[in-house]
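Inspection log for the structure reproduced underneath, given as structure tokens.
The values are calculated or read from the model by the stated rules, or taken from the named source; none is laboratory data. Please read all numbers here as calculations on a predicted model, not as lab measurements. Cβ atoms come from the backbone with ideal geometry, glycine included; neighbour counts cover every protein chain shown. Please note that ligands, DNA and RNA were not included when accessible areas were found on the heavy atoms of the full protein model with its side chains. Shrake-Rupley method; radii C 1.70, N 1.55, O 1.52, S 1.80 Å.
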Amino acid sequence: MKKVLVTGGAGFIGNCFCKLLLKERDSMVINVDLLTYAANPSTIADELKNPRYVFYKEDIRNRAGIFKIFEIERPDVVVNFAAESHVDRSILDPESFLTTNILGTQVLMDACRQYGVERFHQVGTDEVYGDLPLDRPDLFFTETTPLHTSSPYSTSKASADLLTLAYYRTYGLPVTISRCSNNYGPYQFPEKLIPLMISKAMNDEPLPVYGKGLNVRDWLYVEDHCRGILAVLEKGKVGEVYNLGGHNEKANIDIVKIILKELNKPESLITYVVDRHGHDLRYAIDPAKAMRDLGWAPTTMFKDGIVLTIDWYKRNTPWLDECVASNKAWLKKNYTDRK
Ligand code: NAD
Ligand code: TYD
């Protein structure tokens, strides 16, 4: 992999992937990111100093702009992380989810066809499989579980996955897809459960738990996800889908309690709020295919990863404060005005 073009490389997972490439491979890394609300520009400050890293502020929906970058850079591999990624935002305002997540993916794949690449990798989510019942712990998502989406977000991601497979079958574009469970770790924007609760708890503010807090998510440390994508790129088979997850299911309320305990804050900060519309009950990945075919396995246990994560937020309050300051309107819309 000489030249890897990463989209969304200023976001939570894309940035971790760029860091991994720069640290453990000798590839050139080209980051194409629009720097939406979800990207704090200081996230990429260190990478910008690296001579093997180039940054373009561009919208993946802008065909002319994206084709120009391909013309200049001629990437060997493209990894598409760029997306609108927050379910609650997709419920209140779906439009940008459909344009970025579906049409943006199309633009990137058209550029890949035009200029030729060794691989186009689509970063997908387990949310495309819908949800599992809470009382059937024996059930897991496999790569052949039917797509059955709930939110505008998951529907846009499922659409992008289908389009990616259509470009493989119809045009022979060498694609792969990974579908990962919920990520946590440093640099996650404080609108998602774990960083939001850390941020609130550190400021002694109420922690807004949707419904009864019994919904279950399957948590994976962000670097384990990125190593999984690297394994798909280096050992995966074109045209295939790989599920990535670490069998680490937890109810939301238990996550919140772990965070409060770690920060030495009282459980009286927990506030139950109106549930999310269409709230998926349980996600649980079966990662057997990636483990068997790619030799991939997560290495960070949740009990260690959550301490690393909380510690990172404690040490990076300026980064967190910048995100919170730029996110005030959203916090009012989704929490104060919640219905
Ligand atoms: P994020 O919201 O933190 O980052 C998304 C990045 O994409 C941001 O830097 C943003 O500026 C950029 N972006 C958004 N729209 C763009 C556009 N039109 N053009 C160019 N750049 C644009 O998201 P994340 O959590 O890092 O997720 C990355 C990918 O991983 C997404 O595709 C998401 O669906 C997928 N995923 C996320 C999780 C998770 O738990 N966060 C789990 C599985 C899969
Ligand atoms: P989130 O981090 O938004 O990820 P996703 O919806 O993609 O799984 O939410 C994780 C879980 O936490 C989900 O069940 C919704 C719940 N949640 C809350 O209870 N309160 C909150 O303020 C947020 C953001 C999420």
With part of a helix (DSSP H, G or I) and either modelled with pLDDT under 95 or buried (at least 16 other Cβ atoms within 10 Å of the Cβ) (or both) as the only criterion, which of Lys19, Lys68, Lys23 stands out? Lys19
Can we say Leu196 is out of contact with any helix residue (DSSP H, G or I) (no Cβ under 8 Å at 6 or more places or on another chain), within 16 Å of ligand 2 (Cβ to nearest atom), of a type in the set (A, V, I, L, M, F, W, C) and closer than 30 Å to Leu269 by Cα? yes
Can you name the condition, by its number, that Thr145 falls short on among (1) closer than 30 Å to Lys339 by Cα; (2) hydroxyl-bearing (Ser, Thr, Tyr); (3) touching a Phe, Trp or Tyr at 6+ places or on another chain (Cβ under 6 Å); (4) without any contact (Cβ under 8 Å) to a residue 40 or more places away in the chain? (1)
Taking region 120-173, which residues are part of a helix (DSSP H, G or I) and in contact with a Lys or Arg (Cβ under 7 Å, 6 or more places away or on another chain)? Asp126, Glu127, Val128, Tyr171
Restricting attention to region 265-293, which residues are out of contact with any Ser or Thr (no Cβ under 7 Å at 6 or more places or on another chain), surrounded by fewer than 20 Cβ atoms within 10 Å (Cβ to Cβ), within 23 Å of Ala231 (Cα to Cα) and in contact (Cβ under 8 Å) with a residue 40 or more places away in the chain? Ala288, Lys289, Asp293
Among (1) over 16 Å from Ala158 (Cβ atoms); (2) open to solvent by less than 50 Å² (accessible area, probe 1.4 Å); (3) assigned to a helix (DSSP H, G or I), Val117 falls short only on (3)
Please work out which one of (1) within 21 Å of Asn243 (Cα to Cα); (2) crowded, with 16+ Cβ neighbours inside 10 Å; (3) within 20 Å of the chain's Cα centre (by Cα) is the condition Thr142 fails and give its number. (2)
A careful count of residues in region 242-264 that are of a type outside the set (A, V, I, L, M) and open to solvent by less than 10 Å² (accessible area, probe 1.4 Å) gives 3
